[in-house]
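Single-structure report; data block below.
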Amino acid sequence: MVTLRALVLDDAPALTRIYSGASIRHTTGRALTLDQAHEKIRTGLARAAETPRAQWSWGILHGTEVIGLIALRRRSPSMGTISYILREGTWGNGYATQAAHQVVTVAFTTAGLNRLEAMHHPDNPASGRVLVKAGFTRIGTADRDSETGPVPYELYALETGGNGILPIDR
């Protein structure tokens, strides 16, 4: 079982471990320095104080250890996106799926959103399985720029019908 909590500055060393090695293969490809981790946490804390709130960031904890990060971003009044990253060595245990379920609940209740979208690199099918287990449906691809040109990321969406969470039927 995982829990989510707001990050604190003392979590910076854990973030540098999360944003390293194979975990960043399908992200920026660059490891996070300790200074960058502190800045990422400070930015997340500042965004949490904004009104209206446009971003939520949580550490993913297994026990007391921060093993990942998950974020919810409001893209419009009714639509948001989620993203997540787990430290290599914690993969395959259902932790990302558990965290995604928790964030979906926050998005559709506390944040008042009615649609979520997420995407993953085409070479990371495990992330797609996380999204499907969290209720998302694959709806196509969306190109993202990379150093070698556009990459067709897999795009997923999830909507609520007002009285519960419904996968998109496409």
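Of all residues in segment 50-83, those that are open to solvent by 50 Å² or more (accessible area, probe 1.4 Å) and under 10 Å from the mean Cα position of the chain (by Cα) total 1. Under the condition of being farther than 17 Å from residue 74 by Cβ and among the hydrophobic types (A, V, I, L, M, F, W, C), which residue from segment 107-134 is most open to solvent (accessible area, probe 1.4 Å)? So, considering only residues that are farther than 17 Å from residue 74 by Cβ and among the hydrophobic types (A, V, I, L, M, F, W, C), the one most open to solvent (accessible area, probe 1.4 Å) is 132.
Here's the yes/no breakdown for (1) touching a residue at least 12 places away in the same chain (Cβ under 8 Å); (2) closer than 12 Å to residue 83 by Cβ; (3) not small (Gly, Ala, Ser):
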position	(1), (2), (3)
95	yes, no, yes
104	yes, no, yes
108	yes, no, yes
114	yes, no, yes
118	yes, yes, no
123	yes, no, yes
128	yes, no, no
131	yes, yes, yes
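Criterion applied to 126, 107, 96, 134 was being touching a Phe, Trp or Tyr at 6+ places or on another chain (Cβ under 8 Å) and within 19 Å of residue 4 (Cβ to Cβ), and the one residue passing it is 96.
Inspection of segment 84-106 identifies at least one residue that is more than 25 Å from residue 125 (Cβ to Cβ) and either at pLDDT 95 or above or surrounded by 13 or more Cβ atoms within 10 Å (Cβ to Cβ) (or both).
When the test is whether a residue is open to solvent by 20 Å² or more (accessible area, probe 1.4 Å), touching a helix residue (DSSP H, G or I) at 6+ places or on another chain (Cβ under 8 Å) and not in a loop (DSSP other than H, G, I, E, B), residue 16 passes it. Looking only at residues of segment 120-139 that are within 11 Å of the chain's Cα centre (by Cα) and at pLDDT below 95, we find that the one that is farthest from residue 153 (Cα to Cα) is 127. Scanning segment 147-164 for residues that are over 15 Å from residue 131 (Cα atoms), open to solvent by less than 70 Å² (accessible area, probe 1.4 Å) and either touching a Pro at 6+ places or on another chain (Cβ under 9 Å) or at pLDDT below 80 (or both) gives 151, 152, 161, 164.
So, in segment 49-73, exactly how many residues are more than 16 Å from residue 118 (Cα to Cα) and part of a strand (DSSP E or B)? The total comes to 9. Only one entry in 47, 42 is open to solvent by 60 Å² or more (accessible area, probe 1.4 Å), basic (Lys, Arg), more than 17 Å from residue 126 (Cβ to Cβ) and at pLDDT 95 or above, namely 42.
The values are calculated or read from the model by the stated rules, or taken from the named source; none is laboratory data. Being a predicted model, the structure only gives us computed values, none of them experimental. Note: ideal-geometry Cβ built from the backbone for every residue, glycine included; neighbour counts use all protein chains shown. For accessibility, only protein heavy atoms count, side chains too; no ligands or nucleic acids. Shrake-Rupley method; radii C 1.70, N 1.55, O 1.52, S 1.80 Å.
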